[in-house]
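Following: one structure in structure tokens, then a few remarks.
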Amino acid sequence: MKASARTALHPDEARLLVERYAVIGATERLPLDDALGRALAEDLPALVDQPPFDKSGMDGFAWGEPGPGPEWRVVGVVAAGSAFSPLLAPGDCVRIMTGAPVPRGTQAVQRVEFTSESRAGDGSAIVSFTAEESGDNIIRRGENQRRGDQLLRRRILSAQDIGVLASSGYATVPVVTRPLVGVVSTGDELVPAGKVLAPGAIYDSNGPQLLAQARAAGALARHYGIVCDDGKALAAALSTALEECDIVLVSGGVSMGDFDHVPRSLIAAGVEQHFHGLAMRPGKPTFFGMKGPVAVFGLPGNPVSTFVNFEVLVKVHIMRRMGLELEPRILPCSLAAAIERRETDRVEFYPARLEAGKGGIAARPLAYHGSSMLSVLAETDCLVRMEFGEKRLEEGRIVDVRLVRP
Ligand code: AMP
Ligand code: MG
């Protein structure tokens, strides 16, 4: 099918579509140690009060009722992890360490810096307070969080999330299974790394790049090799990938060239087409379809295009398979140089680099044509989006950029 201006789908509609067709994976329970980078399957409540007891926020002396004189008798010591069980008597205090439970009857903790210690006539330790505290230096039970409060919402678990879960006593967590992404690189010109380049040949960079993008997005990924621009070879690779994977990404061969067999082969393999052609740049000939629960994306071979299409569309689908909605990380910053274009009939994503600007962070758009492509990918921190009908974005204008580097 030819991608004309009339049939080309707006990328925002394409996003909704690829999201809608995502089949959410099953839930499994994993030890917390194995859960980094995995999608939490449900919102989780706190299992304990935080802190679980009234604790001291300072090293110092916990005191209760004042005694007859201005000094305090030191009747014990309580470290983090231990406890002082007797009720504090008037005029008594205990030496206490940060994080230790305060004794019963404690009114406040006087920090050690605001005290002066000495000995009574009988040799026992006494302490007087040399400055006034503004607070009681006690962190009350449940002050940060109460048992049953929401601890974490569904998300991809980061290192700090693992810490939060551990602090609440989670030994295992429910996560969504990872989808398996199969990648097929198409093109007669492609050779794998490690081989010598014959005249006219280039290394397959999209294969490794897409595998890496899929893994970075939380999926499992498997390469189904490099396939030449030949319907039969493609059909064979596709049938295995469609059999084994949840998502199949085919790089190259989706345009209108004589050797662009991918859309035909996909349809012949039983894939139902949902779109072929987007009002988006890069990514005009992008294909999306489903075969049963398996999603198939045909991505244009230009490496910047492959990269951007994955970020904007494939990642949304992967996230949804893991029960999440992709929330792109958006940062307002000023444009370091104007962007101008002639045709305004597509939404365009410009790769850009972040740099220090006059009043803050600035995004410098990176031109990509021919051989500049690879250096552009190496420098890309974010994407600047230009809307339908927009012809020029002035230098210095504040734009929302989408971060694409962790
Ligand atoms: P295609 O989408 O197949 O028309 O390819 C568009 C451009 O991307 C051509 O210059 C291809 O050589 C290049 N290309 C296609 N596939 C890959 C790949 N796997 N790795 C690097 N470049 C590719
Ligand atoms: Mg090709």
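The table for this structure:
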quantity	calculated
Residue, surrounded by the most Cβ atoms within 10 Å (Cβ to Cβ), within the range 219-232, restricted to residues that are modelled with pLDDT of 95 or more and more than 16 Å from ligand 1 (Cβ to nearest atom)	Ala219
Positions within the range 190-219 being touching a Leu at 6+ places or on another chain (Cβ under 6 Å) and either away from ligand 2 (no atom under 16 Å from the Cβ) or touching a residue at least 60 places away in the same chain (Cβ under 8 Å) (or both), in sequence order	Leu210
Test result for Val262, under 21 Å from Leu299 (Cα atoms), of a type outside the set (Asp, Glu), buried (at least 21 other Cβ atoms within 10 Å of the Cβ) and within 12 Å of ligand 1 (Cβ to nearest atom)	yes
Test set (1) surrounded by fewer than 23 Cβ atoms within 10 Å (Cβ to Cβ); (2) in contact with a helix residue (DSSP H, G or I) (Cβ under 9 Å, 6 or more places away or on another chain); (3) of a type in the set (A, V, I, L, M) - Leu278 fails condition number	(1)
Scan of the range 281-317 for residues that are under 18 Å from the mean Cα position of the chain (by Cα) and either in the same structural domain as Gly389 (by TED's automatic domain parsing) or among the basic types (Lys, Arg) (or both), ordered by number	Lys315
Residue in the range 327-337 that is in contact with a helix residue (DSSP H, G or I) (Cβ under 9 Å, 6 or more places away or on another chain), part of a loop (DSSP other than H, G, I, E, B) and crowded, with 21+ Cβ neighbours inside 10 Å present	no
Hits in the range 252-307 - residues which are within 14 Å of ligand 2 (Cβ to nearest atom) and small (Gly, Ala, Ser)	Gly252, Gly253, Ser255, Gly257, Ser265, Gly298, Gly301, Ser305
Hits in the range 177-189 (condition: crowded, with 22+ Cβ neighbours inside 10 Å, away from ligand 2 (no atom under 16 Å from the Cβ) and of a type in the set (A, V, I, L, M))	Val181
Selection from the range 261-292 of residues that are farther than 28 Å from Ile24 by Cβ, among the charged types (D, E, K, R) and touching a strand residue (DSSP E or B) at 6+ places or on another chain (Cβ under 9 Å)	Arg281, Lys284
Subset of the range 99-135 (residues that are charged (D, E, K, R) and assigned to a strand (DSSP E or B))	Arg111, Glu117, Arg119
Failed condition for Tyr21, given (1) touching a residue at least 40 places away in the same chain (Cβ under 8 Å); (2) under 30 Å from Pro174 (Cα atoms); (3) not assigned by TED's automatic domain parsing to the domain that holds Ala217	(3)
Tabulated pairs, the range 287-303, first touching a residue at least 60 places away in the same chain (Cβ under 8 Å), second acidic (Asp, Glu) and away from ligand 2 (no atom under 16 Å from the Cβ), C-beta under 8 angstrom, 6+ apart or interchain	Met290/Glu272; Pro293/Asp246; Ala295/Asp246
Selected residue (only one of Glu311, Glu327 is closer than 16 Å to Val18 by Cβ and free of Cβ contacts under 8 Å to residues at least 12 places away in the same chain)	Glu327
Flag for Leu234 being outside the structural domain of Tyr368 (by TED's automatic domain parsing) and more than 15 Å from ligand 2 (Cβ to nearest atom)	no
Which listed residue, of Glu19, Glu13, Glu42, is acidic (Asp, Glu) and part of a loop (DSSP other than H, G, I, E, B)	Glu42
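The values are calculated or read from the model by the stated rules, or taken from the named source; none is laboratory data. Please read these numbers as outputs of a predicted model, since none were measured by experiment. Don't worry about glycine lacking a Cβ; one is built from the backbone with ideal geometry, like all the others, and counts go over all protein chains shown.
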